[in-house]
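Trainee: Handing you a structure now.
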Amino acid sequence: MPALRKGPSPGTAEAGTEAGTASATRREGRSWRGALARLQRLIGDNALFSAALALSVVPRVIAMLGFRPAVLFRLDTFDYLWDAVRLTPNPVNPSGYALFLALLRPFHSLTLVTALQHVLGLAIAVMIYALLRSRNVTRWLATLAAVPVLFDPGQILLEHLIMADILGLFLMVAAFTVALIRTSPSVWRSVSAGLLMGVSALVRPTTLPLILALAVYLLATRAGWRKAGAALLAGALPVLGYMLWFNSTYGSFNLTNSAGLFLWSRTMSFANCAVIKPPPDLRALCPTAQPGALSQPVAAKRARPSTYLWDHDAWQWQPPSSDLVPDVAAFNQANNSRALRFAIRAIVAQPLPYAAIVVKGTVGPFVHTNAFRFPVPPETGGMGAMNARYAQAAVRAYTGSSVTPFLAWHLSAGERHPYAGIMNSYQRVIFLPGPLFGLIVAIGLAGILIPRRRSGAAALLWISAIIILALPTAEHEYTYRYVIPAVPLVCMAAALAFRRRGSDDQPATITRQQRDPDREPASRDPGPGQPDPEAGRPGAEPDPA
């Protein structure tokens, strides 16, 4: 008869459980210690950037203390808050940012929103540095390229606004980082980059053409048609999905009902109906048919395009609306289509005046230093009773509180001194001068044109920057808020012009000595009486890039 197999005694089982728990605890401790050691090495290897990153937290904290809970921008902020509660697409701007706000709505805190957006700003700087280092740009130059994002007051204000710009900028830079941080991205990296760019277009539609630019880059660099097609398809999917949602609400398969109206307002800067000869149903859209002072016949003396767009006596706002949401009644499918027909006729009939206006607006930020600053002292002009009623309703619906700062027409903020005064002093001294910005753009262009300096990554970043610089002016009008997303792209393109030669052909993994040839190579001498740790190995494992 076979012997019975005995199980472990209770004491033995308990001892084994305790030993396993202790072993797991030791492994967890080693894991935390290892992660901390790796972080310390990472900071030590990138000390200059780490110091700049830490220092850039200071003006952001001052902004949060000085302008509470956020800076509110015109009626746009309140549209986003209102749509985050109602969860319906907005007819004027895509609602990607409103969906982001909806995710944070359970916390009922605009302070949390701005804090997260400041973190996104710092993350953008980290991605800039990481991308440039992966492309063999020196540490100091990669840090310098991130300085505008880290310290420019316009960038910090963008992060402090309850507006879509910073989220769109983060998603765009993330898409470029995923696509470019390796010389030849995998299919899944291409998909991820395309998807991020597609989502960014639902936040800020100026990035929509960059989906195609990304696919063209992958083809031009011989990454393969599968990767290019995957990026294009992944970028198109969120856009098409949003358009289906918009169509189910407004009956228009589009991102908005505003593109035609914005473009019509742009044509008011040059349109001459004696040249355009519009049909009878479009004559009411001519500049001289607009109400009051807007009927100025001399193009050079006309008001800004935004004045034509938002004047509630103009054709698109008739008949007047008394709805709680004040600035959406004009943006319907019929008005948008009608305005687009006029705008196309105007541009076709007068292509040179249109091109001149677009060029003038595009080069404007290279000549004039930005005036996009924190509102110190605060604005005194209010937004009007009807608009204020809507703004307070939007804030109350999102936060549960009707407490708002003085609702100014442009920038509304609850100032707290001395911090607001400190930020005002900061933005008087620290800023990106327009001519310096133009020089950075010129350096990036030179890097693309000079064969020995040229790289596909730099070309993609520089061309993308010019696209997002020109599009807002081409569609509506110039404002520096639209320029800020182009700054990190041109800084990266300029830095890539000074990368070490041959970096585009190097493998993704390089040694520490390759990353920094000035570093003294570590000795491999194991010392007397010590075993050689490399003995028996065909080659050493290189440090990760």
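Trainee: Please determine whether any residue of region 389-397 is of a type in the set (Lys, Arg) and touching a residue at least 12 places away in the same chain (Cβ under 8 Å). Even if it seems obvious, please write down each step before you answer.
Mentor: Residues of region 389-397 of a type in the set (Lys, Arg): 389, 396.
Applying the additional criterion that residues be touching a residue at least 12 places away in the same chain (Cβ under 8 Å) yields 389.
Checking region 389-397: at least one residue is of a type in the set (Lys, Arg) and touching a residue at least 12 places away in the same chain (Cβ under 8 Å).
Trainee: Considering only residues that are in contact with a Phe, Trp or Tyr (Cβ under 7 Å, 6 or more places away or on another chain) and within 26 Å of Ser248 (Cα to Cα), which ones fall in region 310-326?
Mentor: Filtering region 310-326 for residues in contact with a Phe, Trp or Tyr (Cβ under 7 Å, 6 or more places away or on another chain) gives 314, 324-326.
Leu324, Val325, Pro326 - these are the residues of region 310-326 that are in contact with a Phe, Trp or Tyr (Cβ under 7 Å, 6 or more places away or on another chain) and within 26 Å of Ser248 (Cα to Cα).
Trainee: Checking the conditions here, which among Gly194, Gly168 is more than 21 Å from Gly456 (Cα to Cα) and crowded, with 22+ Cβ neighbours inside 10 Å? Can you show your working first?
Mentor: On the way: Gly194 fails: more than 21 Å from Gly456 (Cα to Cα).
Only one candidate qualifies: Gly168.
Trainee: Please identify the pairs in which a residue from region 122-145 that is more than 16 Å from Ile181 (Cβ to Cβ) has its Cβ atom under 8 Å from the Cβ atom of a residue that is of a type in the set (S, T, N, Q) and in a helix (DSSP H, G or I), counting only partners at least 6 apart or on another chain.
Mentor: Pairs found: Leu122/Ser56.
Trainee: Quick check on my filter: what residues within region 216-249 are under 20 Å from Val199 (Cβ atoms), in contact with a helix residue (DSSP H, G or I) (Cβ under 8 Å, 6 or more places away or on another chain) and loosely packed, with under 13 Cβ neighbours inside 10 Å? Give the derivation first.
Mentor: Here is the first cut: in region 216-249, the ones under 20 Å from Val199 (Cβ atoms) are 216-218, 227-249.
Then keep just the ones that are in contact with a helix residue (DSSP H, G or I) (Cβ under 8 Å, 6 or more places away or on another chain); that gives 216-218, 227-239, 242.
Of everything in region 216-249, nothing turns out to be under 20 Å from Val199 (Cβ atoms), in contact with a helix residue (DSSP H, G or I) (Cβ under 8 Å, 6 or more places away or on another chain) and loosely packed, with under 13 Cβ neighbours inside 10 Å.
Trainee: Based on this model, can you work out whether Ala388 counts as part of a strand (DSSP E or B) and not hydroxyl-bearing (Ser, Thr, Tyr)?
Mentor: no
Trainee: When region 45-67 is examined, which residues are found to be in contact with a helix residue (DSSP H, G or I) (Cβ under 7 Å, 6 or more places away or on another chain) and either within 17 Å of Tyr419 (Cα to Cα) or at pLDDT below 95 (or both)? Write out each step before concluding.
Mentor: First, the residues of region 45-67 that are in contact with a helix residue (DSSP H, G or I) (Cβ under 7 Å, 6 or more places away or on another chain): 46, 48-50, 52-53, 56, 59-60, 62-67.
Once the filter is applied, which keeps residues that are in contact with a helix residue (DSSP H, G or I) (Cβ under 7 Å, 6 or more places away or on another chain) and either within 17 Å of Tyr419 (Cα to Cα) or at pLDDT below 95 (or both), region 45-67 yields Asn46, Ser56, Pro59, Arg60, Ile62, Ala63, Met64, Leu65, Gly66, Phe67.
Trainee: Also, I was wondering about something else. Name the single residue, out of those in region 264-279 being part of a helix (DSSP H, G or I) and of a type outside the set (S, T, N, Q), that is farthest from the chain's Cα centre (by Cα).
Mentor: Narrowing region 264-279 to residues part of a helix (DSSP H, G or I): 264-267, 273-276.
Those left that are additionally of a type outside the set (S, T, N, Q): 264, 266, 273-276.
Numbers: Trp264: 26, Arg266: 24, Cys273: 38, Ala274: 41, Val275: 40, Ile276: 37 Å.
Among those that are part of a helix (DSSP H, G or I) and of a type outside the set (S, T, N, Q), it is Ala274.
Trainee: On to the next question. Answer yes or no: is there a residue in region 374-389 that is among the basic types (Lys, Arg) and within 29 Å of the chain's Cα centre (by Cα). Talk me through it step by step, then tell me what you get.
Mentor: First, pick out the residues of region 374-389 that are among the basic types (Lys, Arg): 389.
Filter once more, so that each one left must be within 29 Å of the chain's Cα centre (by Cα): none.
No, region 374-389 has no match at all.
Trainee: Can you pull out every residue in region 366-380 that is buried (at least 16 other Cβ atoms within 10 Å of the Cβ) and either outside any loop (DSSP other than H, G, I, E, B) or without any contact (Cβ under 8 Å) to a residue 24 or more places away in the chain (or both)?
Mentor: Phe366
Trainee: While we're looking at this one, here's another question. Out of everything in region 280-322 that is of a type in the set (Ser, Thr, Tyr) and assigned to a loop (DSSP other than H, G, I, E, B), what residue ends up being surrounded by the most Cβ atoms within 10 Å (Cβ to Cβ)?
Mentor: First, pick out the residues of region 280-322 that are of a type in the set (Ser, Thr, Tyr): 288, 295, 306-308, 321-322.
Narrowing further to those that are assigned to a loop (DSSP other than H, G, I, E, B): 321-322.
Numbers: Ser321: 14, Ser322: 7.
Step by step, filter region 280-322, then rank; the result is Ser321.
Trainee: Identify all residues within region 385-407 that are of a type in the set (Ser, Thr, Tyr) and either modelled with pLDDT of 90 or more or surrounded by 15 or more Cβ atoms within 10 Å (Cβ to Cβ) (or both); write none if there are none.
Mentor: Step one: of region 385-407, the residues of a type in the set (Ser, Thr, Tyr) are 390, 398-399, 401-402, 404.
Residues satisfying the conditions are Tyr390, Tyr398, Thr399, Thr404.
Trainee: Which residue pairs have Cβ atoms closer than 8 Å, lie 6 or more positions apart in sequence or on different chains, and pair a first residue in region 106-120 that is closer than 14 Å to Leu81 by Cβ and of a type in the set (Phe, Trp, Tyr) with a second residue that is modelled with pLDDT under 95 and surrounded by 14 or more Cβ atoms within 10 Å (Cβ to Cβ)?
Mentor: No pair meets every condition.
The values are calculated or read from the model by the stated rules, or taken from the named source; none is laboratory data. Predicted model, so just to flag it, every value in this text is computed and none were measured. Ideal geometry is used to build each Cβ from the backbone, glycine not excepted, and the neighbour counts take in all protein chains shown.
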